[in-house]
Amino acid sequence: MHILKYIKYRVIIISLFSGLSLFLSHGLYAVPLNGNDFNQAKLLATDNSHRSAHPTSRIIKISKHRSNMLANNDKWVDIYRYHYPTDTTEVLIYNLKSNELIQSKRHQNLQLSATRDEIKYATRLLENDPVFMKQLSTEYYQRYHSQLPSTAIPLSSLRVKAVILTSDNVHNLPQFKNTKNCGLNRCIYFFLSSLEAPYANVTLDTKAIVNLSLKAVTAFNQSQREHNHTVHH
């Protein structure tokens, strides 16, 4: 008798668990965001600065809200927008079916991955920075005995990797005037390597940190002194 009761209760528990799992899965993943959803979310969350050459905020990430299963069949999205003047990440929750703003909160020290637009903008700052380009060109010539390929986009001839920096400094980077607040400030760390064999995987010693909050370029090298200055716009 005890064995039958145990089996019966176990079947009920497994059934409830399976049903709950199916419900959660259906509520969270059954209707993924599509291209139209992303475009609609961008329009809802884009402020008036996005058309300028140097916007004061950018949308960093758009994702499906985790509580969609409780949203009465509405479609909620989380939109992360970074505000450079205040160094805050604004988290907006929108209902795409009604265009209603459900919630808006701002956070400091919340640094999500750099966007393509941010990397593109930061790369332009690097390419227009004479100190960084001179240091890079000098090392390139010393290493490969040839000039850095001259193109309209100089860094396009190199493999460029860009990483957003957080306040815990997991990369153990040296601290400079315009990088000591990275994590609070929005900073991108750039390191580069040649695209040409046999040097394709060899990282150059010349590196840079672009502080987007300050529009400041900091070029540095392990064996050289700090080169630090701000690009004014």
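Scanning the stretch 189-210 for residues being surrounded by fewer than 17 Cβ atoms within 10 Å (Cβ to Cβ) and in contact with a Phe, Trp or Tyr (Cβ under 6 Å, 6 or more places away or on another chain) gives a total of 1.
Counting the residues of the stretch 87-105 that are of a type outside the set (A, V, I, L, M, F, W, C), touching a strand residue (DSSP E or B) at 6+ places or on another chain (Cβ under 8 Å) and over 14 Å from R58 (Cα atoms) gives 6. Scanning for something on the phi > 0 side of the Ramachandran plot and exposed (fewer than 15 other Cβ atoms within 10 Å of the Cβ), does the stretch 126-136 turn up at least one residue? The answer is no, given that none of the residues of the stretch 126-136 is on the phi > 0 side of the Ramachandran plot and exposed (fewer than 15 other Cβ atoms within 10 Å of the Cβ). Scanning the stretch 175-231 for residues that are hydroxyl-bearing (S, T, Y), touching a strand residue (DSSP E or B) at 6+ places or on another chain (Cβ under 6 Å), part of a strand (DSSP E or B) and at pLDDT 85 or above gives Y189, S193, T203, T218.
Taken together, the residues in the stretch 165-188 that are closer than 21 Å to V131 by Cα, of a type outside the set (K, R) and surrounded by fewer than 20 Cβ atoms within 10 Å (Cβ to Cβ) amount to 4. Being under 23 Å from the mean Cα position of the chain (by Cα) and either of a type in the set (D, E, K, R) or at pLDDT below 95 (or both) is a property that R81 has. Based on what the data block shows, is F191 of a type outside the set (S, T, Y) and either closer than 23 Å to T86 by Cβ or within 15 Å of the chain's Cα centre (by Cα) (or both)? Here the answer is no, as F191 does not meet what is asked.
Can you find a residue that is at pLDDT 85 or above, part of a strand (DSSP E or B) and over 18 Å from the mean Cα position of the chain (by Cα) anywhere in the stretch 151-165? For the stretch 151-165, residues at pLDDT 85 or above, part of a strand (DSSP E or B) and over 18 Å from the mean Cα position of the chain (by Cα): present.
The values are calculated or read from the model by the stated rules, or taken from the named source; none is laboratory data. Predicted model only: the values in this text are computed from it and were never measured. Note that each Cβ is placed from the backbone with ideal geometry, even for glycine, and that neighbours are counted across all protein chains shown.
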